[in-house]
Structure formats: C-alpha cells, structure tokens
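Before any comments, here is the structure.
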Amino acid sequence: MARLEIVLEGDPRLRQKATRIKHADESLRKIAADMHETMDAAPGVGLAGPQVGLMRRIVVVHVPKDEEEEQEEVRLTLIDPEIVKSQGKVYGQEGCLSIPRWVGEVPRAETITVKAIDLDNKHIRLKARGYLARVIQHEVDHLDGILFVDRVEDRSTLFQVTEDELSKDEYAVDGEE
Ligand code: ZN
C-alpha cells in the first residue's frame, strides 16, 4: 500500500466530473487500499477519487464509533455511488482534505439511500443518516466536481482554523465537526 498525494483546491481536477467504473478489477482494489491508507493517515473520514487525481467514481469512507450519536464504526468503499433517495435537511460543520483548515456550515439531507457496487462487484444499497449520510454526500459531490464551500449558504459560517486547533483534533476533515 502507498499513501497518495492529495489534490488541493485550485487544481482543475477537483472541478471535473469523474467517470463511471462499472467493473472493479485488481488495479482498482489496489488503489482503493491506497485511498483508505491516505484517508487514515490524513486523518480524514472520507476521500473521493478526484482528490487523489483519479477521475473515476470511487469514494472511501471511515466514520468512527460515536456513542453519543449512536453511530457504529463504518468503513466503506463505494463504486459508482448514486444517492437514490434523500430526506430532511440538517446543517453541520464540514471540512475537506483538499481545502486544508477551512470549515463551514453545510446543509445536507438527513437520511439518504445510496446505491453502489463494492470491490467484489456486488450491488450494495444502504441507508445512512446523520453524520454518515453527511460524509457520503460530501464525497459523492466530489465525483461531480462540487466542493463543500459551494454548498455553504451563509458565508459568515466559513472560517479557517489554526494548526493548534487542528492538532487538538477539534475538526474532522471531509466531514462534520
Ligand atoms: Zn472533501
């Protein structure tokens, strides 16, 4: 496995639409493993293909267990993910590994249903809510060239955190605070 270089805002690849994969093969499984390693090392809770210069529709997600939110640990690789149903609207703070140290308040659907295939080409259909739903929506946006800053409604909620605050782990990137 290898850590990949994360593409930063300003790079035109972050604004392009990624192409469908349709079939996962050995080389995709290898890059998915590298994406998980890169996300974990960052550390982040999600990473999309274009963020590592791969213009294909793949996202990886790792949401830690959170007892308060009744969130179990979830690790996912979603290929050609499609949000087929979304309900509700909730606001939450997000950051992004491609826009270091910026956070802002973003509205997202509260619950979503996602269709995708996994690394074994099995069809998956999963329902997510809250934090996990937020992370998946953020990552799927990356596949269409959309960044969280585009979705911030109130620009006054957008601010930059200091290195100090970051090292205290107060802000999760590619996901909610
Ligand atoms: Zn992001």
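Within region 79-154, considering only strands (runs of 3 or more DSSP E) that don't extend past its boundaries, which have at least 2 residues that are within 16 Å of the ligand (Cβ to nearest atom) and under 14 Å from the mean Cα position of the chain (by Cα)? Show your work before the answer.
Numbers: elements: 90-96, 99-108, 111-117, 123-129.
In region 79-154, the matching strands (runs of 3 or more DSSP E) lie at 90-96, 99-108.
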Inset, instruction - Within region 37-64, work out how many residues are surrounded by fewer than 18 Cβ atoms within 10 Å (Cβ to Cβ) and not in a loop (DSSP other than H, G, I, E, B). - result: 4
Inset, instruction - State which residue pairs qualify: first residue in contact (Cβ under 8 Å) with a residue 40 or more places away in the chain and inside region 87-113, second residue among the acidic types (D, E) and more than 16 Å from the ligand (Cβ to nearest atom) in any location, beta carbons under 6 Å apart, and separation of 6 or more residues or different chains. - result: V90/E110
Inset, instruction - Of all residues in region 21-52, count the ones that are at negative phi, more than 17 Å from the chain's Cα centre (by Cα) and not small (G, A, S). - result: 7
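Being surrounded by fewer than 16 Cβ atoms within 10 Å (Cβ to Cβ) and not acidic (D, E) narrows it down to one residue among F159, F148; which is it? Steps first, please.
Working: F148 fails: surrounded by fewer than 16 Cβ atoms within 10 Å (Cβ to Cβ).
Answer to the selection: F159.
Residues in region 65-75: is at least one within 16 Å of the ligand (Cβ to nearest atom) and part of a loop (DSSP other than H, G, I, E, B)? Spell out the reasoning first.
Filtering region 65-75 down to residues within 16 Å of the ligand (Cβ to nearest atom) leaves none.
The answer is no, given that none of the residues of region 65-75 is within 16 Å of the ligand (Cβ to nearest atom) and part of a loop (DSSP other than H, G, I, E, B).
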Inset, instruction - Kindly check whether there is at least one residue in region 24-32 that is modelled with pLDDT of 95 or more and under 12 Å from H142 (Cα atoms). - result: no
Inset, instruction - Would you check if E73 is touching a residue at least 40 places away in the same chain (Cβ under 8 Å) and of a type outside the set (S, T, N, Q)? - result: no
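The values are calculated or read from the model by the stated rules, or taken from the named source; none is laboratory data. Nothing here was measured: the structure is a model prediction, and the numbers come from that model. All Cβ positions, glycine included, derive from the backbone under ideal geometry; neighbour counts span all protein chains shown.
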